[in-house]
Amino acid sequence: MSTTTIRLEDDLKERITEAAARAGKSAHAFIRDAIVESVTQAEFDAEMDRICEERWGEFLKTGEAVPWEEAKAYLEATVAGKKVKKPAPRKLF
């Protein structure tokens, strides 16, 4: 395990100390958990961006998609526990 030094403004360090105490953690654990959460979110965002770019490229290539109203109806029925047929993409332009 490596060590990294970060510089914090005094007021931020105090806020971290207080927040950590409220959470029942040490300042170190609080900061580490915040970093893990931030990195996890950044990785998730990057993967979502990748998927969106891939799907957008496929849409531009084929012009096929599922209209929003059909997609919404499918999602609502699925969430309600109904068995419904997945809508098929079709040429939109």
Inset, instruction - Taking 7 Å along the Cα-to-C-beta vector as the label spot, tell me the residue 79-residue 49 distance in nanometres, rounded to one decimal. - result: 2.8
Inset, instruction - Output ³J(HN,Hα) for the stretch 77-91: one whole-Hz value per residue in order, computed from phi by the Karplus curve 6.51 cos²θ - 1.76 cosθ + 1.60 with θ = phi - 60°, and x for Gly and Pro. - result: 5, 5, 5, 6, x, 7, 8, 10, 6, 5, x, 8, x, 9, 5
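How much accessible area per residue does the chain have, in Å², with a 1.4 Å probe? Intermediate results must be reported in sequence, preceding the final value.
On the way: 8250 Å² over 93 residues.
Per residue, the chain has 89 Å² of solvent-accessible surface.
Out of the stretch 1-39, which GluC sites (Glu not before Pro) are coil in DSSP terms and have no more than 14 other C-beta atoms within 10 Å? List each step's numbers first, then the result.
Numbers: sites: 9, 14, 18, 37; in loops: 9.
Of the GluC sites (Glu not before Pro), the ones in loops of the stretch 1-39 whose Cβ has at most 14 other Cβ atoms within 10 Å are 9.
Give me the percent of the accessible area of the chain that comes from carbon and sulfur atoms, probe 1.4 Å, all protein chains in place.
Details: 4730 of 8250 Å².
About 57 percent, which is the carbon plus sulfur part of the accessible surface.
How large, in Å, is the chain by the Kirkwood hydrodynamic radius built from its alpha-carbon pairs? Don't skip to the answer; put the middle values down first.
On the way: mean 1/r = 0.0559 Å⁻¹.
It works out to 17.9 Å.
Ordering 91, 85, 61 by how much accessible area each has at a 1.4 Å probe, largest first, what is the list?
On the way: 91 125, 85 185, 61 150 Å².
Descending order: 85, 61, 91.
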Inset, instruction - Taking a cut-off of 29 Å between Cα atoms, list the lysines near residue 61, but don't count ones fewer than 8 places away on the same chain. - result: 72, 85, 86, 91
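The values are calculated or read from the model by the stated rules, or taken from the named source; none is laboratory data. Computed from a predicted structure; not experimentally measured. Cβ atoms come from the backbone with ideal geometry, glycine included; neighbour counts cover every protein chain shown. Accessible surface areas use protein heavy atoms only, side chains included; no ligands, DNA or RNA. Shrake-Rupley method; radii C 1.70, N 1.55, O 1.52, S 1.80 Å.
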